[in-house]
Amino acid sequence: MKDQQVTADTQGLHFFGVMTASISHELKNALAIINENAGLLGDLALLAEKGRPLDPQKLTVQAERIRQQVRRADDIIRRLNRFAHSAHEGPASADIHEVLDFTLALAARLAAMKNVSLSVEAGTPVQLEVRPFQLENLLWLCLKQILATAPEGPSSVVFAASEAGEEAVISIRCDGVPLTGTVTSVEEEGHPLLAELGASLHLETDALLLKVPRRS
(Lines give C-alpha, C1' and ligand atoms only; values in the text may rest on other atoms or scores of the structure.)
Protein backbone atom coordinates (compact mmCIF):
# COMPACT_ATOMS: atom_id res chain seq x y z
CA MET A 1 0.00 0.00 0.00
CA LYS A 2 2.86 2.35 0.81
CA ASP A 3 4.63 1.69 -2.52
CA GLN A 4 1.32 2.15 -4.33
CA GLN A 5 0.75 5.49 -2.59
CA VAL A 6 4.25 6.67 -3.52
CA THR A 7 3.55 5.81 -7.16
CA ALA A 8 0.21 7.59 -7.07
CA ASP A 9 1.88 10.63 -5.51
CA THR A 10 4.58 10.56 -8.20
CA GLN A 11 1.89 10.48 -10.89
CA GLY A 12 0.15 13.35 -9.13
CA LEU A 13 3.36 15.39 -9.11
CA HIS A 14 3.80 14.82 -12.85
CA PHE A 15 0.16 15.77 -13.49
CA PHE A 16 0.59 18.91 -11.41
CA GLY A 17 3.71 19.84 -13.38
CA VAL A 18 2.07 19.34 -16.78
CA MET A 19 -0.99 21.39 -15.86
CA THR A 20 0.85 24.24 -14.15
CA ALA A 21 3.20 24.50 -17.15
CA SER A 22 0.20 24.76 -19.46
CA ILE A 23 -1.50 27.32 -17.20
CA SER A 24 1.68 29.42 -17.07
CA HIS A 25 1.77 29.49 -20.88
CA GLU A 26 -1.83 30.74 -20.91
CA LEU A 27 -0.94 33.44 -18.41
CA LYS A 28 2.13 34.48 -20.40
CA ASN A 29 -0.02 34.82 -23.53
CA ALA A 30 -2.47 37.08 -21.71
CA LEU A 31 0.38 39.21 -20.34
CA ALA A 32 1.96 39.45 -23.80
CA ILE A 33 -1.28 40.80 -25.26
CA ILE A 34 -1.60 43.29 -22.40
CA ASN A 35 1.97 44.42 -23.03
CA GLU A 36 1.33 44.77 -26.76
CA ASN A 37 -1.76 46.90 -26.22
CA ALA A 38 -0.02 49.00 -23.56
CA GLY A 39 2.69 49.65 -26.13
CA LEU A 40 0.09 50.79 -28.65
CA LEU A 41 -1.34 53.18 -26.05
CA GLY A 42 2.18 54.49 -25.52
CA ASP A 43 2.54 55.06 -29.27
CA LEU A 44 -0.72 57.01 -29.34
CA ALA A 45 0.48 59.13 -26.42
CA LEU A 46 3.77 59.82 -28.22
CA LEU A 47 1.93 60.90 -31.37
CA ALA A 48 -0.27 63.18 -29.26
CA GLU A 49 2.85 64.79 -27.79
CA LYS A 50 3.96 65.54 -31.35
CA GLY A 51 0.69 67.31 -32.06
CA ARG A 52 -1.39 64.62 -33.72
CA PRO A 53 -4.97 64.66 -32.40
CA LEU A 54 -5.96 61.63 -30.28
CA ASP A 55 -8.71 59.43 -31.62
CA PRO A 56 -10.92 58.58 -28.58
CA GLN A 57 -12.23 55.48 -30.35
CA LYS A 58 -8.71 54.04 -30.63
CA LEU A 59 -8.12 54.66 -26.93
CA THR A 60 -11.40 52.95 -26.07
CA VAL A 61 -10.56 49.91 -28.21
CA GLN A 62 -7.09 49.49 -26.68
CA ALA A 63 -8.38 49.95 -23.13
CA GLU A 64 -11.10 47.32 -23.70
CA ARG A 65 -8.56 44.85 -25.10
CA ILE A 66 -6.46 45.29 -21.98
CA ARG A 67 -9.51 44.82 -19.74
CA GLN A 68 -10.41 41.62 -21.60
CA GLN A 69 -6.97 40.17 -21.03
CA VAL A 70 -6.99 41.20 -17.37
CA ARG A 71 -10.26 39.29 -16.96
CA ARG A 72 -8.74 36.34 -18.80
CA ALA A 73 -5.65 36.40 -16.57
CA ASP A 74 -7.86 36.60 -13.48
CA ASP A 75 -9.78 33.49 -14.63
CA ILE A 76 -6.50 31.65 -15.26
CA ILE A 77 -5.17 32.49 -11.79
CA ARG A 78 -8.46 31.44 -10.16
CA ARG A 79 -8.18 28.10 -11.98
CA LEU A 80 -4.59 27.69 -10.85
CA ASN A 81 -5.53 28.52 -7.26
CA ARG A 82 -8.33 25.96 -7.23
CA PHE A 83 -6.06 23.34 -8.80
CA ALA A 84 -3.29 23.98 -6.26
CA HIS A 85 -5.71 23.59 -3.35
CA SER A 86 -7.19 20.38 -4.78
CA ALA A 87 -3.73 18.76 -4.70
CA HIS A 88 -3.70 18.56 -0.89
CA GLU A 89 -7.43 18.23 -0.13
CA GLY A 90 -8.79 14.98 1.23
CA PRO A 91 -11.92 13.12 0.12
CA ALA A 92 -14.99 15.31 -0.16
CA SER A 93 -18.46 15.18 -1.68
CA ALA A 94 -18.40 16.48 -5.23
CA ASP A 95 -20.66 16.62 -8.27
CA ILE A 96 -18.86 14.67 -10.95
CA HIS A 97 -19.98 17.15 -13.62
CA GLU A 98 -18.08 19.90 -11.80
CA VAL A 99 -14.97 17.70 -11.69
CA LEU A 100 -15.32 17.02 -15.41
CA ASP A 101 -15.84 20.70 -16.26
CA PHE A 102 -12.78 21.70 -14.25
CA THR A 103 -10.56 18.94 -15.65
CA LEU A 104 -11.45 19.88 -19.22
CA ALA A 105 -10.81 23.55 -18.46
CA LEU A 106 -7.32 22.54 -17.30
CA ALA A 107 -6.72 20.44 -20.42
CA ALA A 108 -8.38 22.71 -23.00
CA ARG A 109 -5.17 24.36 -24.21
CA LEU A 110 -3.35 21.03 -24.58
CA ALA A 111 -6.30 19.59 -26.50
CA ALA A 112 -6.54 22.65 -28.75
CA MET A 113 -2.90 22.15 -29.72
CA LYS A 114 -4.01 18.78 -31.16
CA ASN A 115 -7.05 20.39 -32.83
CA VAL A 116 -9.37 18.52 -30.44
CA SER A 117 -12.40 20.14 -28.82
CA LEU A 118 -13.60 19.01 -25.38
CA SER A 119 -17.13 19.11 -23.99
CA VAL A 120 -19.26 17.73 -21.16
CA GLU A 121 -22.83 16.64 -21.78
CA ALA A 122 -25.40 18.18 -19.46
CA GLY A 123 -26.93 15.80 -16.96
CA THR A 124 -28.42 15.46 -13.51
CA PRO A 125 -25.96 15.90 -10.61
CA VAL A 126 -24.05 12.77 -9.63
CA GLN A 127 -22.53 13.04 -6.17
CA LEU A 128 -19.56 10.97 -5.08
CA GLU A 129 -17.05 10.97 -2.23
CA VAL A 130 -13.62 11.36 -3.79
CA ARG A 131 -10.31 13.20 -3.75
CA PRO A 132 -10.94 15.49 -6.74
CA PHE A 133 -7.22 15.73 -7.57
CA GLN A 134 -6.92 11.96 -8.00
CA LEU A 135 -9.99 11.78 -10.22
CA GLU A 136 -8.76 14.76 -12.27
CA ASN A 137 -5.43 12.96 -12.66
CA LEU A 138 -7.09 9.76 -13.84
CA LEU A 139 -9.31 11.64 -16.28
CA TRP A 140 -6.21 13.38 -17.64
CA LEU A 141 -4.47 10.01 -18.18
CA CYS A 142 -7.47 8.89 -20.27
CA LEU A 143 -7.52 12.13 -22.22
CA LYS A 144 -3.74 12.19 -22.68
CA GLN A 145 -3.82 8.77 -24.34
CA ILE A 146 -6.74 9.80 -26.56
CA LEU A 147 -4.88 12.96 -27.63
CA ALA A 148 -1.77 10.90 -28.39
CA THR A 149 -3.72 8.73 -30.85
CA ALA A 150 -6.18 11.33 -32.18
CA PRO A 151 -6.30 11.56 -35.98
CA GLU A 152 -5.03 14.55 -37.92
CA GLY A 153 -7.62 17.27 -38.35
CA PRO A 154 -10.43 18.53 -36.13
CA SER A 155 -12.01 16.02 -33.77
CA SER A 156 -13.99 16.09 -30.56
CA VAL A 157 -14.04 14.29 -27.24
CA VAL A 158 -17.30 14.25 -25.31
CA PHE A 159 -17.58 13.36 -21.63
CA ALA A 160 -20.81 12.38 -19.90
CA ALA A 161 -21.64 11.17 -16.39
CA SER A 162 -24.44 9.10 -14.93
CA GLU A 163 -25.28 7.16 -11.80
CA ALA A 164 -25.51 3.37 -11.75
CA GLY A 165 -26.37 2.17 -8.26
CA GLU A 166 -23.33 2.62 -6.04
CA GLU A 167 -21.14 3.74 -8.93
CA ALA A 168 -20.64 6.91 -10.93
CA VAL A 169 -20.07 6.14 -14.60
CA ILE A 170 -18.09 8.49 -16.81
CA SER A 171 -18.31 7.82 -20.54
CA ILE A 172 -15.74 9.23 -22.96
CA ARG A 173 -16.64 9.26 -26.64
CA CYS A 174 -14.38 10.48 -29.40
CA ASP A 175 -14.00 10.59 -33.17
CA GLY A 176 -11.87 7.95 -34.84
CA VAL A 177 -9.64 7.04 -31.90
CA PRO A 178 -8.79 3.34 -31.26
CA LEU A 179 -10.01 2.97 -27.69
CA THR A 180 -8.69 -0.55 -27.14
CA GLY A 181 -5.15 0.76 -26.88
CA THR A 182 -6.36 3.57 -24.66
CA VAL A 183 -7.78 1.13 -22.09
CA THR A 184 -4.56 -0.89 -22.00
CA SER A 185 -2.33 2.16 -21.66
CA VAL A 186 -4.41 3.83 -18.97
CA GLU A 187 -4.73 0.59 -16.97
CA GLU A 188 -0.94 0.20 -17.01
CA GLU A 189 0.00 3.80 -16.28
CA GLY A 190 -2.94 4.60 -14.04
CA HIS A 191 -3.04 1.42 -11.98
CA PRO A 192 -2.14 3.18 -8.69
CA LEU A 193 -4.88 5.77 -9.23
CA LEU A 194 -7.43 3.15 -10.25
CA ALA A 195 -6.58 1.23 -7.07
CA GLU A 196 -6.75 4.34 -4.86
CA LEU A 197 -10.16 5.29 -6.25
CA GLY A 198 -11.46 1.73 -6.50
CA ALA A 199 -12.20 2.57 -10.13
CA SER A 200 -12.26 0.40 -13.25
CA LEU A 201 -12.12 0.92 -17.01
CA HIS A 202 -14.42 -0.76 -19.51
CA LEU A 203 -14.74 -0.60 -23.27
CA GLU A 204 -18.00 -0.21 -25.12
CA THR A 205 -18.46 -0.14 -28.88
CA ASP A 206 -17.95 3.60 -29.15
CA ALA A 207 -17.00 4.71 -25.66
CA LEU A 208 -14.54 4.31 -22.82
CA LEU A 209 -16.30 3.87 -19.48
CA LEU A 210 -14.71 4.84 -16.20
CA LYS A 211 -16.61 3.50 -13.18
CA VAL A 212 -15.92 5.02 -9.78
CA PRO A 213 -17.54 4.04 -6.45
CA ARG A 214 -19.72 6.87 -5.18
CA ARG A 215 -18.47 6.26 -1.63
CA SER A 216 -14.81 5.91 -0.66
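Here residue 198 clears all of (1) at pLDDT below 90; (2) closer than 22 Å to residue 11 by Cα; (3) surrounded by fewer than 14 Cβ atoms within 10 Å (Cβ to Cβ) except the condition numbered (1).
The residues of the stretch 125-173 that are surrounded by 16 or more Cβ atoms within 10 Å (Cβ to Cβ), within 16 Å of residue 93 (Cβ to Cβ) and of a type outside the set (D, E, K, R), listed by number, are 126, 128, 130, 132, 133, 134, 135, 161, 168.
Screening the candidates 99, 126, 116 for the property of being touching a residue at least 40 places away in the same chain (Cβ under 8 Å), farther than 30 Å from residue 28 by Cβ and among the β-branched types (Val, Ile, Thr) yields one hit, 126. Looking at this structure, is residue 171 within 19 Å of the chain's Cα centre (by Cα), at pLDDT 90 or above and of a type in the set (Ser, Thr, Tyr)? Judged against the criteria, residue 171 is a match. Across the stretch 29-70, the qualifying residues are those that are of a type in the set (D, E, K, R) and more than 30 Å from residue 109 (Cβ to Cβ), and the one among them that is surrounded by the fewest Cβ atoms within 10 Å (Cβ to Cβ) is 50.
The values are calculated or read from the model by the stated rules, or taken from the named source; none is laboratory data. Note that the structure is a prediction, hence the values are computed from the model and not measured. FYI the Cβ positions are ideal-geometry reconstructions off the backbone, even for glycines, and counts take in every protein chain you see.
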